[in-house]
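The next block holds one structure in the form of structure tokens; read it before the comments.
The values are calculated or read from the model by the stated rules, or taken from the named source; none is laboratory data. Predicted, not measured: the structure shown is a model, and the values here were computed from it. Methodologically, a virtual Cβ is constructed for each residue, glycine included, from the backbone with ideal geometry; neighbour enumeration extends over all protein chains shown.
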Amino acid sequence: MKVALAQINTTIGDFKNNSDKIIAYAERARSLACDLVIFPELAVSGYPPRDLLERKDFVDANLKWLNHLVESIHEIGVICGCVDKNASDTGKLLLNTAVLFENGEILYKANKRLLPTYDIFDEGRYFEPGIICRAFAYKNRRLGITVCEDIWNHEDVCSIRSYNVYPVTEMIKDNADLIINVSASPFNIGKSKFKNKMLSSVEKKYKVPLIYVNQVGGNDSVLFDGVSTVFNHKGEIVACACDFDEDFVVYDDAALSTDIHDVSESDNASVLKALIRGTRDYVLKCSFSKAVIGLSGGIDSALTACIAVEALGKDNISAVFMPSEYTSDDNFEDTKALSENLGIELTTIPINAIFHEHLKSIFPSSAIDDPGVTEQNIQARIRGTILMAISNKHNSLLLTTGNKSELAVGYCTLYGDMNGGLAVISDIPKTMVWDISRYINRKREIIPSRIISKAPSAELKPGQTDQDDLPPYDIMDRILTGYIEESKSSDELAGEGYDLEIVKDIIRRVDLNEYKRHQAAPGLRVTSKAFGEGRRYPIARKF
């Protein structure tokens, strides 16, 4: 059998464009004499549709466009994901379904059995799990069609199995000789190695080929890397799509040739690609075309600007530099050099006079020689107001520039530097900000070297550096990873050699600033545990 893997970037609820892509790729596969073309999970509606699934008109539109696909595509089999209605009188109203159709007829439906409800997933809220796991006879093969999570419960790889069934085993018992998985599996750092190990182990155990077709692109905070893959019966990769772009690969079990496309060579490369793709998709799918960024002369805003330029093009990015009396000469020079290197427009708006007018109006009798937190926050909020005004005036999306380390411990100002529509690097710890910035400079200097080497500072009072208030970032980031991503306690972290008082102080800051994160702009998710929907902590608590 000759099979095409169509790795597409869908937009939630954009049924026409999603369907047009499916038709175009199906035609491409047909022209190459493919027997079957496979698309990702919920390709018709886009994934994840969340509470749109509670709207009858959304579900009906999804089924209407599925019927359009069935009627429009001929002379090739198609497998694609869609939302289906549950015909049973009990259970949830909907099913997460993979449909096989050909020449105007739906031949088979495979309903997702394993519905994840961890991290960002909440599929049990909407869908009824499938019951039947059977192989389906098609063109002299027996297809075992699964949907995403259905294949992530393999006993030889998963130390903790989340479900008491494994659909693949049941399909193998029903003599499946080709396992197909339509997927919308989100990206996070390190996941690809585990995924390949898991998929390969399935092949080695059951000795049948496996085809994995994954969604690509960004929908809100969630990023999908694609990397759709075919493993042969020996567990070897014989076809593989690229990461973070739409792609099309062909697997022919009668041929010995391979169809393997390039993927990122390192975590820094893949995270950078993920953030570029996520920024582009978020801005464009939200019907913007331009973005505005506040540059400070620091590394966070520099990295955000580099990502934005790659995502949207230099002509669609405007930068604003808002110096105060505390801004160093270095930051004037470095901001100018960065904007020139990127080829973006730079506007300078000094805030000193505005700042002092605010102080006169609010605290007329106070002299400010050493600005405290209140005065520092006023500066940040002046800058935030200026950026929002420019965003509104020019219909440009404001990108916030804070990193995960700062957001974790509250080293950011509500209604100030937290203003914006997308927090591009909010899931990147500070140490990785430096690593990715060096990676960007690997061929030529784009980010001025002094921005990378200088001590980080908010420059909201004389001589300020981040380490006046925070531990060194290399230590703090390791503690934050342990607490946020690995759910370790203070005692567990202290047992790994970290100073207990430092650990307690960092955890106290994380817990204290939960209210800020509840009001933060959506951020692009790249770690195993990001702030937002994947980490649902109460604000008011005593634990």
| message | Only one of A4, A29, A24 is part of a helix (DSSP H, G or I), small (G, A, S), over 21 Å from I131 (Cβ atoms) and touching a residue at least 40 places away in the same chain (Cβ under 8 Å). Can you tell me which? | response | A29
| query | If we keep just the residues of segment 203-238 that are outside any strand (DSSP E or B) and within 24 Å of K273 (Cα to Cα), which is farthest from the chain's Cα centre (by Cα)? | reply | S228
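Residue-by-condition table, conditions (1) more than 17 Å from the chain's Cα centre (by Cα); (2) farther than 23 Å from K430 by Cβ; (3) not hydrophobic (A, V, I, L, M, F, W, C):
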| residue | (1), (2), (3) |
| --- | --- |
| V250 | yes, yes, no |
| R277 | no, no, yes |
| I307 | no, no, no |
| D315 | yes, yes, yes |
| E325 | yes, yes, yes |
| D329 | yes, yes, yes |
| query | Can you name the number of the only condition in (1) in contact (Cβ under 8 Å) with a residue 40 or more places away in the chain; (2) on the phi > 0 side of the Ramachandran plot; (3) loosely packed, with under 13 Cβ neighbours inside 10 Å that D474 fails? | reply | (2)
| message | So E333 ticks every box in (1) buried (at least 19 other Cβ atoms within 10 Å of the Cβ); (2) not assigned by TED's automatic domain parsing to the domain that holds I179 but one. Which box is left unticked? | response | (1)
| request: Output the residues belonging to segment 22-64 that are over 26 Å from the mean Cα position of the chain (by Cα) and among the polar types (S, T, N, Q). | output: S31
| query | Is segment 429-442 home to any residue that is at pLDDT 95 or above, under 15 Å from I299 (Cβ atoms), in a loop (DSSP other than H, G, I, E, B) and within 19 Å of the chain's Cα centre (by Cα)? | reply | yes
| remark: If we take segment 255-364, then helices (runs of 4 or more DSSP H) inside it with 3 or more residues that are among the charged types (D, E, K, R) and at pLDDT below 95 are none
| said: among the small types (G, A, S) and either at pLDDT below 95 or touching an Asp or Glu at 6+ places or on another chain (Cβ under 8 Å) (or both): which single residue out of A389, A458, A423 fits that description? | reply: A458
| Only one of S19, S88, S72 that is within 25 Å of the chain's Cα centre (by Cα) and among the small types (G, A, S) | S19
